[in-house]
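Peer 1: One structure is given below, represented as structure tokens, and several questions about it will come after.
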Amino acid sequence: MSTATTTVRLPAEADTHAFGRRLGGVLAAGDLVLLAGPLGAGKTVLAKGIADGLGVSGRVSSPTFVIAREHRAAPGGRGVPLVHVDAYRLGGRLDELDDLDLDTELVDAVVVVEWGEGMAERLSDDHLLIRLEPLADETRVATVIPHGAWRDRDWESIL
């Protein structure tokens, strides 16, 4: 267990997906994961990996135009649904985030919010923030920052 910020190098898109799959394998209902980074940083690729690790149904894609998409637990999966949110179009408007009723979703599902830093962390003091930074080649650097109870959880097995 660690309270420290951790940095992970992800040399290719497949590594970003695999990192997400490992993370999805340790997430439970009630977990909040915030994904940050510029366009093209790999947020949706990481979300797809998380979905694979949870074993949810439905095609995972950027929910930019619908803002939030729920993926039910698939037969043979871990039994935990995923709510995938893209807060980009909310433009920091907290009232629109409140309208999504995500605090209710957090009871039964894993909630992953792209573009959520600076807005969605108010949903739970206990969250994992992952900042993705693309480098000149296909490499991405993921900075994983645990908050609240995440500081005491054994999440480093995903690294």
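Peer 1: Out of (1) closer than 28 Å to Ala14 by Cα; (2) modelled with pLDDT of 85 or more, what's the single condition that is false for Gly148?
Peer 2: So the condition that Gly148 fails would be (1).
Peer 1: Residues that are modelled with pLDDT under 80, more than 18 Å from His127 (Cα to Cα) and in a strand (DSSP E or B): does region 71-78 have at least one?
Peer 2: Yes, because at least one residue in region 71-78 is modelled with pLDDT under 80, more than 18 Å from His127 (Cα to Cα) and in a strand (DSSP E or B).
Peer 1: Output the residue which, of all residues in region 7-31 that are in contact with a Phe, Trp or Tyr (Cβ under 9 Å, 6 or more places away or on another chain) and outside any loop (DSSP other than H, G, I, E, B), is surrounded by the fewest Cβ atoms within 10 Å (Cβ to Cβ).
Peer 2: Val8
Peer 1: For the list (1) modelled with pLDDT under 85; (2) outside any strand (DSSP E or B); (3) under 16 Å from the mean Cα position of the chain (by Cα), I need the number of the one condition that Glu96 fails.
Peer 2: Glu96 satisfies every listed condition except (3).
Peer 1: Can you name the residue in region 42-62 that is out of contact with any Ser or Thr (no Cβ under 9 Å at 6 or more places or on another chain) and assigned to a loop (DSSP other than H, G, I, E, B) and is also modelled with the highest pLDDT among such residues?
Peer 2: Ranking the candidates gives Gly55 first.
The values are calculated or read from the model by the stated rules, or taken from the named source; none is laboratory data. What you see is a predicted model, and the numbers here were worked out from it, not measured in a lab. Backbone-built Cβ (ideal geometry, glycine too); neighbour counts: all protein chains shown.
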